[in-house]
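The structure is given below, and queries will be raised subsequently.
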Amino acid sequence: MMDKTPKQSAADTDFVLLNLEQEQLAEVRSRRLGRRHLRPYELALMWLLRVYLLFMVGVVIYQVYLAARGGK
Amino acid sequence: MRQLSISHEDVDRAADRGRVARARLRTGWSSRLRLLWLLVGPGILVMLGENDGPSMLSYASTGSSYGIGFFLPFIVLTFLMAVVVQEMTVRLASATQRGHAELIFDRFGPFWGWFSAIDLAVGNFLTLITEFIAVRAGMSYFGVPAWLAICAALAILSLALLTHRYWTWERVTLAGALLNLLFVPVALLAHPNWHAVGHALFTWRPLPSGSSQQTLLILLSDIGATVTPWMLFFQQSATVDKGLTRRDLGFGRLDTVAGAALAACGALAAVIATAPLYARHLNLASLREAQFAQALRPVVGSAGAALFALGLTEAGIVACITISISSAYAFGEVARRPHSLNLPLREGKAFYGVLFFCALAAAAIVLIPGLPLVYVVLIVNVIAVLAMPPALLFLYLLANDREIMGDLVSPPLANVVTGLVVLVLVAAGVLFGLSIIAPHFFVRVFGHLLPG
């Protein structure tokens, strides 16, 4: 990704390193952070809320259908 | 160590941070104010951005349906909820220098990352449609044809991005967002009963009357008008793009609180301005396009109605800008493409491409004639509320992830409040679902508990 970026001058580099923390640099930010281990209850909560969302989207679609049928 | 490569984006951000560093060197009130001026932005933008077309229409619908009462303090409460939630994104951004979408991808893996990205993309697209509806509705009051209003909104969106500089974009959009306060003079022109306003704010009364199902729809819509998933993604990414660090956290928090206070003023003003329509038994939910402002004309006069229409247009345009940018940030973070408003066009083709594609597609849909304006808006707000609990769970887990947050992990009080917000949102969603699937059961069991 960063290889496509035009290179900046040495003066630019000095200016950037003076004013930005290293972790703010685009190249550093583009590096992936490691995965974290999800505990079973966290995973269960994620799935529960995912099912809740899918179910509720179905309810909203049904509500829109009812409203359309009722000529709202 | 290998030498780091420096990008154009870094140079622009370093210039912004250089100004902050110089302001920090000085002492006295003026330099503190200068520092505040340099560091505020994402919080005010996200809060005023969320006072968008659908939100203002939702507040207007609330005022015309229920007058001054329960909903005034309820709206204040929703903004307090928004402050708690959005403060976490400032902390996450300062601690990790990563956007929300990339943190979810990195920490929870692509499976959950894609779920959250799809939620955001769908929600943002639906919301963008309603923003253009608001622009169309506002401009139709002035006799501007729909196609011209939409083209003008797209032109303003393009102009705001022309500089390819985060700082300039932020200041231009902030100036536009402050026009949200146009609703305040409209409220004043409605000559509200301030005693009733004060009484409502402190007693939550009178409670709304009418059908429980309609009340629940408005309740959910007003929550969705204040806390939505795109806000999490936008504020975190914008805070990173602006370059705020751990040292700036206090200003980031102040920025968020100031934004919430300004946005609450706009929201309450919209309710108060439209409340006289309640006494006249005129519900905005039954109206279309220019009729919104026209209905207000007998109450607030021609100038007030014109301000209302302008405010609606502004709300739609500013949100078009912020929401399409939140989609572009998330796309860049997920696809690992450069994503910054400091990118020149040649380096950020994908970023700007997604931004414009989302806006263009939503704009095209709005040109379809005969869309049921207010109903679409209320439903989109409800969808935003329903999508919030899974988004908040990701936020909660990330903000408590000591490995990335260090000493900035959420304090216990913030966790309790977040848990309560999730519970309230899920409970409201379940009640809404019950009121649709089993309306008789809902009325029998919960009808007496709910206002209305």
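Please go through the range B:21-57 and write out the trypsin sites (Lys or Arg not before Pro) that DSSP classes as loop and that have at most 15 other C-beta atoms within 10 Å.
B:Arg26
Let me ask you something else. Quick one: what Rg and Dmax do you get for the range B:57-113 from the alpha carbons, in Å?
Over the range B:57-113's Cα set, Rg and Dmax evaluate to 17.6, 47 Å.
Going by alpha carbons, how many degrees (0 to 90, nearest 10) lie between the helix axis of B:291-335 and the longest principal axis of chain B?
30
Relative contact order (percent) for chain B, with alpha-carbon contacts under 8 angstrom and 6 or more residues of separation?
On the way: 741 pairs, mean separation 151.8, N = 452.
Across chain B, relative contact order equals 34 percent.
Pop the C-beta distance of B:Leu77 and A:Trp47 into the FRET formula with R0 = 30 Å and round what comes out to the nearest 0.05. Don't skip to the end; give the middle numbers.
Values: r = 30 Å, r/R0 = 0.99.
Plugging the Cβ-Cβ distance into 1/(1 + (r/R0)^6) gives 0.50.
By how many nm would the segment from A:Asp14 to A:Ala67 lengthen if fully extended, with 0.36 nm per residue of separation less the alpha-carbon distance?
Gain on extension, A:Asp14 to A:Ala67, equals 12.8 nm.
To continue, here is another question. Starting at the first residue of the range B:241-257, write each ³J(HN,Hα) from the Karplus equation 6.51 cos²θ - 1.76 cosθ + 1.60 with θ = phi - 60°, in whole Hz, x for Gly and Pro.
4, 6, x, 5, 10, 3, 5, 8, 4, x, 5, x, 5, 4, 4, 5, 5
Round to the nearest 10 and give me the degree value, 0 to 90, for the angle of helix B:373-399's Cα axis relative to the longest principal axis of chain B.
Its long axis makes an angle of about 40 degrees.
How large is ³J(HN,Hα), in whole Hz, for each residue of the range B:15-30 in order, when computed from phi with the Karplus curve 6.51 cos²θ - 1.76 cosθ + 1.60 and θ = phi - 60°, using x for Gly and Pro?
Each residue's phi maps through the Karplus curve to give 4, 5, 5, x, 5, 5, 4, 5, 5, 5, 5, 8, 10, x, 5, 5 Hz.
Measuring from the lowest to the highest alpha carbon on each principal axis, how far does the protein assembly as shown reach, largest first, in angstroms?
Here the Cα extents, ordered largest to smallest, are 71, 54, 47 Å.
Working from Cα positions, state the angle (0 to 90°, nearest 10) between the long axis of helix A:10-19 and the longest principal axis of chain A.
Its long axis makes an angle of about 60 degrees.
What residues qualify as long-range amide H neighbours of B:Thr226, i.e. H under 5 Å apart, gap of 5 or more or another chain, H built at 1.01 Å from N?
Residues meeting the criterion, in which the H sits 1.01 Å from N, do not exist here.
How many Cβ atoms of partner chains, on average, are near each residue of A:30-38 if near means within 10 Å of its Cβ?
Values: counts 8, 2, 6, 10, 4, 6, 9, 1, 5.
That works out to 6 on average.
Throughout, read-outs are computed from the coordinates displayed, never taken from laboratory work. For clarity, every value in this text was computed on a predicted model and none was experimentally measured. Every residue, glycine as well, gets a Cβ built from its backbone with ideal geometry; the counts of neighbours run over all protein chains shown.
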